Amino acid sequence: MITCGIEIKSNEAILCLLSKDRGLFQIIDCRQIRIPLVQSENTEAMRKYQFTLRKLFEDYNVNQVAIKERPTKGKFAGSSAGFKIETAIQLIDSVEVKLISGNELKESIKENPFPIPFSDTGLKAFQEGAFSVAYAVSSSV
């Protein structure tokens, strides 16, 4: 089972690929760990963005996508471009998409703590949110 964890920040999706086989986790190197959305108001740009994600999911045999849910109101509310990215991902029919709230994420990691410190994973610091959501969803399976 290969999970793509995604954290959406501003106008880009930050990715982390994680596989789980017989209880063992493996971080998969990915050709693209940040996918920015350049023009969110252009229909053709949205189609191209969705195609890029779909192709990446196909190339890496991703079974499920886990997206860290963002609040719609308040200080940490997501941007309109971010919600368009989320929708583009949700409409890809070749993968199962799960949204996970901040509270669900914290609870899952509390129940199944990381087996190693994040700093030992070899991932970039900005990928921690994407890794966390992929790990939380994969741990519950």
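The values are calculated or read from the model by the stated rules, or taken from the named source; none is laboratory data. This one's a predicted model, so the numbers in the text were calculated from it and none came from an experiment. Every residue, glycine as well, gets a Cβ built from its backbone with ideal geometry; the counts of neighbours run over all protein chains shown.
Quick notes
- Count - residues of the range 99-125 that are among the β-branched types (Val, Ile, Thr), out of contact with any Ser or Thr (no Cβ under 7 Å at 6 or more places or on another chain) and under 22 Å from residue 70 (Cβ atoms): 1
- Residues satisfying the stated conditions in the range 31-62, i.e. over 15 Å from residue 15 (Cβ atoms) and either touching a residue at least 12 places away in the same chain (Cβ under 8 Å) or not aromatic (Phe, Trp, Tyr) (or both): 38, 39, 40, 41, 42, 43, 44, 45, 46, 47, 48
- Residue 52 being at pLDDT below 95 and either over 27 Å from residue 21 (Cα atoms) or polar (S, T, N, Q) (or both): no
- Screening 69, 7, 12 for residues that are more than 25 Å from residue 113 (Cβ to Cβ) and of a type in the set (Asp, Glu) leaves exactly one candidate, 12.
- Hey, residue 85 in a strand (DSSP E or B) and in contact (Cβ under 8 Å) with a residue 40 or more places away in the chain or not: no
- Among the criteria (1) small (Gly, Ala, Ser); (2) within 22 Å of residue 53 (Cα to Cα); (3) modelled with pLDDT of 90 or more, the one residue 82 does not fulfil is (3).
- Verdict on residue 46 being over 16 Å from residue 85 (Cβ atoms) and either more than 14 Å from the chain's Cα centre (by Cα) or of a type in the set (Gly, Ala, Ser) (or both): no
- Any hit, the range 91-99, residues being surrounded by fewer than 17 Cβ atoms within 10 Å (Cβ to Cβ), aliphatic (A, V, I, L, M), in a helix (DSSP H, G or I) and at pLDDT 90 or above: no
- Residue pairs meeting the criteria (Cβ under 6 Å; at least 6 apart or on separate chains; first in contact (Cβ under 8 Å) with a residue 40 or more places away in the chain and assigned to a loop (DSSP other than H, G, I, E, B), in the range 109-136; second crowded, with 22+ Cβ neighbours inside 10 Å and among the hydrophobic types (A, V, I, L, M, F, W, C)): 123/131
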